[in-house]
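The block underneath contains the structure these notes are about, expressed in structure tokens.
The values are calculated or read from the model by the stated rules, or taken from the named source; none is laboratory data. Being a predicted model, the structure only gives us computed values, none of them experimental. Here the Cβ positions follow ideal geometry from the backbone for every residue, glycine too, while neighbour counts run over all protein chains shown. Ligands, DNA and RNA are stripped out before the accessible areas are found, and what is left, the full protein with its side chains, is counted by its heavy atoms. Shrake-Rupley method; radii C 1.70, N 1.55, O 1.52, S 1.80 Å.
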Amino acid sequence: MRTLSTPSPALIFPPNSPGFQNGRGSSTSSSSVTGETVAMVHSPPPTRLTHPLIRLASKHQKEQAHIDRLPDHSMIQIFSFLPTNQLCRCARVCRRWYNLAWDPRLWRTIRLTGETINVDRALKVLTRRLCQDTPNVCLMLETVIVSGCRRLTDRGLYTIAQCCPELRRLEVSGCYNISNEAVFDVVSLCPNLEHLDVSGCSKVTCISLTREASIKLSPLHGKQISIRYLDMTDCFVLEDEGLHTIAAHCTQLTHLYLRRCVRITDEGLRYLMIYCTSIKELSVSDCRFVSDFGMREIAKLESRLRYLSIAHCGRITDVGIRYIAKYCSKLRYLNARGCEGITDHGVEYLAKNCTKLKSLDIGKCPLVSDTGLEFLALNCFNLKRLSLKSCESITGQGLQIVAANCFDLQMLNVQDCDVSVDALRFVKRHCKRCIIEHTNPAFF
């Protein structure tokens with residue numbers, strides 16, 4: 001008789017998939033594998049085996065099983081490093097392992113991987129098992145990571161929203177079947193959600209509360225969502241209006257990544273700066289419609305901004321860099337690779353105003369020369385990472401000035417630059433911990 005207890009490993013992998021063979025899980029499965037994932041629940045393993053021959057074999061194995069000598073707290077510590085599917089397998093070994101594997105401390109996180117997994121069914125069975133002590137509510141579960149599980153649908157997210165009110169972190173990157181409605185359910189029913197990764201979810205165009213949740217909220221609540229970290233990389237259909245809604249509802253954002261959201265413009269950034277004034281990290285890489293006007297809006301974050309990526313935003317010039325340099329004096333990281341409108345003048349403003357800069361990428365900026373490097377070397381002494389890849393105007397002289405002043409330099413990228421071996425050796429002598437990425441076959 002089956003009872004509601006231990007989900008089978010077949011919950012995680014179809015029986016004929018490579019990830020199920022030999023009792024070992026696999027994070028990847030062949031795309032040719034078909035067949036529905038079977039979701040089963042099994043009762044705890046029996047306390048003892050009754051057949052004489054089995055008892056004899058079991059006794060011999062017990063003498064050899066040194067792991068059984070470990071105390072419970074050590075076993076739980078070991079189990080804590082296992083992914084969800086392996087933890088389910090461990091629960092079927094014996095009754096002791098069963099009790100240890102379902103210790104609530106091990107179920108603060110559910111992590112599932114694989115393209116062939118029936119994730120919707122897996123989440124339903126697992127949450128049902130975890131709700132045994134607290135019917136319909138899984139109070140211990142705080143993190144769900146199902147990135148790359150392409151079979152995840154709105155049904156699976158709805159299960160999470162209904163059963164996991166204490167959820168704080170959700171990662172569904174690459175799950176392109178989920179829609180806005182499912183995301184709305186999660187953020188509405190999980191009030192403690194702080195970390196949301198929907199990168200690669202092309203159907204997601206907005207983050208907001210459901211209508212029912214908005215009606216129930218009191219005016220003092222302000223209809224806000226507690227998300228602080230939001231990754232919407234590769235959400236290609238996100239537009240300014242959707243960004244406006246996100247900003248209005250997620251005012252506590254501190255980390256926002258909009259890489260390759262190609263429809264975002266300066267107007268969307270204006271909405272963002274009106275509501276989200278606490279942003280510390282922002283990426284608008286490959287947003288080709290973002291220009292210097294967008295940089296003027298971002299500069300309103302002032303000293304709160306520490307990380308900014310504007311890589312391959314071809315409309316940004318020295319004017320935009322001046323806005324950032326003037327107002328964001330505590331900037332630590334800037335990625336401006338491929339912004340071909342940036343010159344030595346922009347680098348000069350940046351170096352003189354953002355003296356605490358630790359990481360700078362100005363690769364593929366052909367108008368930046370040794371003059372700009374000199375300003376960096378004389379002002380940004382804490383620089384640890386510098387990328388100059390494909391900067392045609394850079395020579396060995398500029399590198400030597402940087403090496404002579406930035407002793408803490410740990411990474412230098414000069415690939416496709418016309419730099420001599422002597423200059424590279426000079427850098428190595430002065431910055432002993434520096435890893436140099438280069439394309440000069442004479443230097444090794």
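If you stretched the chain out fully between Gln397 and Gln132, how much longer would it get, using 0.36 nm times the residue separation minus the C-alpha to C-alpha distance?
Details: separation 265, 0.36 × 265 = 95.40 nm, distance 6.89 nm.
Full-extension gain reported as 88.5 nm.
Take the Cα atoms of the range 340-444, find their three principal axes, and give me the spread along each one in whole Å, biggest first.
If we take the Cα atoms of the range 340-444, the spans are 36, 26, 18 Å.
Grab the beta carbon distance between Gln252 and Asp103, set R0 = 22 Å, and tell me the FRET efficiency rounded to 0.05.
Computed FRET efficiency for Gln252 and Asp103 comes out at 0.10.
Between Val262 and Asn440, what FRET efficiency comes out of the Förster formula 1/(1 + (r/R0)^6) with R0 = 56 Å and r the beta carbon distance, rounded to 0.05?
0.95
Over all distinct alpha-carbon pairs, what is the Kirkwood Rh of the range 124-209 in angstrom?
For the range 124-209, inverting the mean 1/r across all distinct Cα pairs yields 12.7 Å.
What order, most packed first, do the peptides 296-303, 83-90 have when packing is the mean number of other Cβ atoms within 10 Å of each residue?
Sorting 296-303, 83-90 by mean packing, highest first, produces 83-90, 296-303.
Where does each of 320-326, 309-315, 422-428 land if you order them by average Cβ count within 10 Å, highest first?
320-326, 309-315, 422-428
Figure the gain on full extension for Thr153 and His430 (residue separation times 0.36 nm, minus the Cα-Cα span) and round it to one decimal in nm.
94.3 nm
Please calculate the 1.4 Å probe accessible area of Tyr98, with all protein chains present, and give it to the nearest 10 Å².
20
Just how much of Leu258 is accessible, in Å², when a 1.4 Å probe is used and the result is rounded to the nearest 10?
0
Quick one: which of 366-373, 188-195 comes out on top by average Cβ neighbours within 10 Å, and what's the full order, highest first?
366-373, 188-195
Between Met140 and Thr371, what is the FRET efficiency for a Förster distance of 60 Å, r being their Cβ-Cβ separation, to the nearest 0.05?
Details: r = 58 Å, r/R0 = 0.97.
After rounding, the FRET efficiency stands at 0.55.
Where both residues lie in the range 272-369, what percent of DSSP beta bridges are antiparallel, nearest 5?
Here the antiparallel bridges make up roughly 0 percent for the range 272-369.
Full extension from Tyr275 to Ser179: what is 0.36 nm times the residue separation minus their Cα-Cα distance, to one decimal in nm? Don't jump to the answer; show the numbers that get you there.
Values: separation 96, 0.36 × 96 = 34.56 nm, distance 2.44 nm.
Difference between extended and current length: 32.1 nm.
Using only the heavy atoms of the protein chains and a 1.4 Å probe, how would Met411, Met140 rank by accessible area, largest first? Kindly include the intermediate steps, with their values, before the conclusion.
Values: Met411 25, Met140 50 Å².
Order by accessible area, largest first: Met140, Met411.
Per-residue accessible area for Phe293 at 1.4 Å probe radius, Å² rounded to 10?
Rounded to the nearest 10, the figure is 130 Å².
Place a point 7 Å from Cα of His195 in the direction of its Cβ. Which residues in the range 112-141 have their backbone N less than 15 Å from it?
Counting only backbone N, you get 112, 141.
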